[in-house]
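Written out below as structure tokens is the structure these notes cover.
The values are calculated or read from the model by the stated rules, or taken from the named source; none is laboratory data. Please read these numbers as outputs of a predicted model, since none were measured by experiment. In this analysis, Cβ positions are derived from the backbone assuming ideal geometry, glycine residues included, and neighbour counts consider all displayed protein chains.
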Amino acid sequence: MSNKTCQPLSLADRWIRENNEIVNKFKEQEGGRGASSQDHNQTHLRLCSSEFHKLLMKIQGIPPHEEHAQLELAVVFNACVCSTALSQFSEAELLLTKATQRVLQMTGGDPGTSEPLVCWRAVLKSVGNTALHTCVLTLLCLQWAIWLATCQLKTIQQFQEEISSLSETLCDGVRDGNRNEAKRKLSIFPLLVMDTRRLFELLQICTAIVQGVEKLNEGQSSEALCDLQAASTLPAPRALVAYTHLLSGSCLAHMTRPQMALQCYRKALETDSRCVCALYQSMLTYRQLGNTQAEIQALRLLHSTLMLPPATESTLAGSHPLSPSLLLSSQSLSSLLSVPSTLSVLHSLALKCVRHGRVPEGVEHYLDLLAALHSEDQHEVRAEASTLPRLPELYLEAGTALLMARRPADCVALCNEVISSTLELLPEKVVLEEPEERSGAESMDASAGGEDRVEVLLWAAAAYLLQGHCHAHLKDWKQSVTHYTRCINLLVKVRFKRSGFQPQIPSADVYVKRGGNLCILQRLKGLSLAGRGISFTQTDQLKEALRDLQLSLQAFPESVGAGLWSGEVLWRLGRKQEAAACWRKTWSLATDSLVKSLPLYLQEPQSGPLLDSTDLRCRIQDLSPM
């Protein structure tokens, strides 16, 4: 008996024990992966991968034999999982190719070609109902995973019949290496690094998601919707089930059924409260429907969710070493699941609140945004800030919001920041040329250089404009005139050169045709001249006021303030019929369709001296007919 106890382990048993020790080491790390850094997890994964590969070299160093076949295929599975998890897909496929070739050597099969699908079918046929059948199917799962991770959907579809047979074998209580592990010190079966049934379930739902997205992109919304709704009932991590509801909503949105799409997005959030793409798509749908208050609420929830610590892969897929993000790597899906940065969402929220009457709330969001941009974590901020307007523009937007909130002193302080940062960059003059005067890269470079200089000038001019508004709000007319004049003096530095003509000050028709910076320039000119003209009326400098107000209307014909105050000055000068005509013309103007697309600081001011249209209409009625 003593001799029996001391009998040395067979070669196969030693290899099994070595495999199981690596598997246990692997699973210990997997169990605590949430507490470890991503780099540490990757290092551990590489270490285990190396050990599995070394063991596999030993096993494959002898001719293939049925006695060692299950052990060999188990180690191939473990090594292949590690390589796939490390995105080493070519290496993983080489492991699978060599394994299938050795199986064919054992069983005497010959596919007659190296074409992957033919080889796999030959291997499956050769193992038939033998003990190796289940082992080969587990390797087929990994081949499926590689096809999915490398976006080979057509290959998966061509192999659909064989893949479908996996569920019958792998999901009907097949024995796994983990089974009865606690009942024996050393299993007679080699352990696997992951449960093959759970791997099948993960692959099944991920494939349904990717195929649904491809059908959606091809315009097959109804077919994609049916597939995704069926996939939503599959056993899978909640985050992946939430994706099926989200994509079902996208299908319904493409089918012009926004209300039903919203129900799917809501279901996605009920399934997984951290499904930020569902919140984002809800927000876009509310925007499309014109439901501003619901859009603002969705933006607020989206921002709050993005501020939470990111979910780990273990949250998404339990203890799977193969992460959903690895399998869901198609470009179509990535674009559909993309969400703006946290700072971009905060900016959208601030702007939307200010534009729709929730000014105090918008101000707080703007201040939070500026604080984040000046936070200590500059590396992360710079990455997110690339999607935002440039910093001077954000200061101007925030300044406008502060002025609207009756906080002129804070607005002046922000504008001073813009002016001080641009002072040394202001050009003496800028000439913008029509693009057709130059060609190719030379035209692009020249245009970009001119546009950059114009932008710096426009930021400084806008800062002076807002300061003029602030002083007008405080009824400090002398200072308001001074700041409006500084704005005008900067704007007249810009000249526009048409082909074959001398540089000239751009007129209203030019900015309408060109758009962009010229549109902003003309609007700034109109607003600053109107502001100075209105300030002149408060000190009874009526001739100067009328001059500026009429010049304002030349630059910015849709200006309601300039139109109404022109009439007021004419009335005070005794030209009452002209005043009445001016007021009627102003009221007949259509609402400026550009306002929503223009920066916030180009809106007409809502503070300072305002005229009551009801009073003006009464004055017109009291006029005796001529």
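Residues satisfying the criterion are absent from segment 594-612 (criterion: within 22 Å of Gln479 (Cβ to Cβ), in contact with an Asp or Glu (Cβ under 6 Å, 6 or more places away or on another chain) and aromatic (Phe, Trp, Tyr)). Within segment 260-275, can one find any residue that is of a type in the set (Val, Ile, Thr), farther than 28 Å from Ser386 by Cβ and assigned to a loop (DSSP other than H, G, I, E, B)? Looking through segment 260-275, none of the residues is of a type in the set (Val, Ile, Thr), farther than 28 Å from Ser386 by Cβ and assigned to a loop (DSSP other than H, G, I, E, B). Screening Arg238, Arg300, Arg266 for residues that are basic (Lys, Arg), closer than 30 Å to Asn78 by Cβ and in the same structural domain as Gln211 (by TED's automatic domain parsing) leaves exactly one candidate, Arg238. Among the residues of segment 417-442, the ones that are of a type in the set (D, E, K, R), modelled with pLDDT of 80 or more and surrounded by 15 or more Cβ atoms within 10 Å (Cβ to Cβ) come to 1 in all.
Selection over segment 209-227 of residues that are over 23 Å from the mean Cα position of the chain (by Cα) and under 24 Å from Leu140 (Cα atoms) gives a count of 1. Regarding Ala268, is this residue closer than 19 Å to Leu234 by Cα and either in contact with a Gly (Cβ under 7 Å, 6 or more places away or on another chain) or crowded, with 17+ Cβ neighbours inside 10 Å (or both)? When the stated conditions are applied, Ala268 passes them.
In the set (1) on the phi < 0 side of the Ramachandran plot; (2) under 49 Å from the mean Cα position of the chain (by Cα), the condition left unmet by Gly608 is number (1). Would you point out the residue of segment 300-323, among those that are in a helix (DSSP H, G or I) and modelled with pLDDT of 90 or more, that is surrounded by the fewest Cβ atoms within 10 Å (Cβ to Cβ)? Step by step, filter segment 300-323, then rank; the result is Ser304. In segment 217-240, the residue that is nearest to Lys267 (Cα to Cα) out of those that are among the aliphatic types (A, V, I, L, M) and surrounded by fewer than 22 Cβ atoms within 10 Å (Cβ to Cβ) is Ala239.
So, Ser87, is that one at positive phi, among the hydroxyl-bearing types (Ser, Thr, Tyr) and within 46 Å of the chain's Cα centre (by Cα) or not? Judged against the criteria, Ser87 is a match. Of the numbered conditions (1) farther than 25 Å from Glu21 by Cβ; (2) in contact with a Ser or Thr (Cβ under 7 Å, 6 or more places away or on another chain); (3) not acidic (Asp, Glu), Ala92 satisfies every one except a single condition; which is it? Ala92 satisfies all of (1) farther than 25 Å from Glu21 by Cβ; (2) in contact with a Ser or Thr (Cβ under 7 Å, 6 or more places away or on another chain); (3) not acidic (Asp, Glu) except (1). For segment 74-89, taking the residues that are of a type in the set (Gly, Ala, Ser) and part of a helix (DSSP H, G or I), the one that is nearest to Thr130 (Cα to Cα) is identified as Ala74. Set side by side, the residues Ala224, Ala236, Ala242, Ala253 differ, and just one is within 23 Å of Val276 (Cβ to Cβ) and not in a helix (DSSP H, G or I), which is Ala236.
Restricting attention to segment 394-415, the residues being more than 33 Å from the chain's Cα centre (by Cα), part of a helix (DSSP H, G or I) and surrounded by fewer than 19 Cβ atoms within 10 Å (Cβ to Cβ) number 1. Can Gly526 be described as within 20 Å of Lys475 (Cα to Cα) and either at pLDDT 95 or above or touching a Gly at 6+ places or on another chain (Cβ under 7 Å) (or both)? So Gly526 does not fit the description; no.
Quick check: is even one residue across segment 240-257 in contact (Cβ under 8 Å) with a residue 60 or more places away in the chain and within 24 Å of Cys82 (Cα to Cα)? Scanning segment 240-257 turns up at least one residue that is in contact (Cβ under 8 Å) with a residue 60 or more places away in the chain and within 24 Å of Cys82 (Cα to Cα). Remark: pairs (first residue in segment 110-139, without any contact (Cβ under 8 Å) to a residue 24 or more places away in the chain; second residue part of a helix (DSSP H, G or I) and acidic (Asp, Glu); Cβ separation under 9 Å; 6+ apart in sequence or on different chains) = Thr130/Glu66.
With respect to being over 25 Å from the mean Cα position of the chain (by Cα), of a type in the set (D, E, K, R) and at pLDDT 90 or above, Glu168 falls outside the description. Counting only helices (runs of 4 or more DSSP H) that fall entirely inside segment 90-162 and contain at least 3 residues that are buried (at least 20 other Cβ atoms within 10 Å of the Cβ), the qualifying elements are 116-127, 132-149.
A residue that is among the small types (Gly, Ala, Ser), within 40 Å of the chain's Cα centre (by Cα), at pLDDT 95 or above and buried (at least 20 other Cβ atoms within 10 Å of the Cβ) can be found somewhere in segment 467-486.
Filtered by the rule that a residue be more than 19 Å from the chain's Cα centre (by Cα) and among the polar types (S, T, N, Q), segment 247-292 gives Ser248, Thr256, Gln259, Gln263, Thr271, Asn291, Thr292. Considering segment 518-573, and only residues there that are in contact (Cβ under 8 Å) with a residue 12 or more places away in the chain and part of a loop (DSSP other than H, G, I, E, B), the residue that is nearest to Ala461 (Cα to Cα) turns out to be Phe556.
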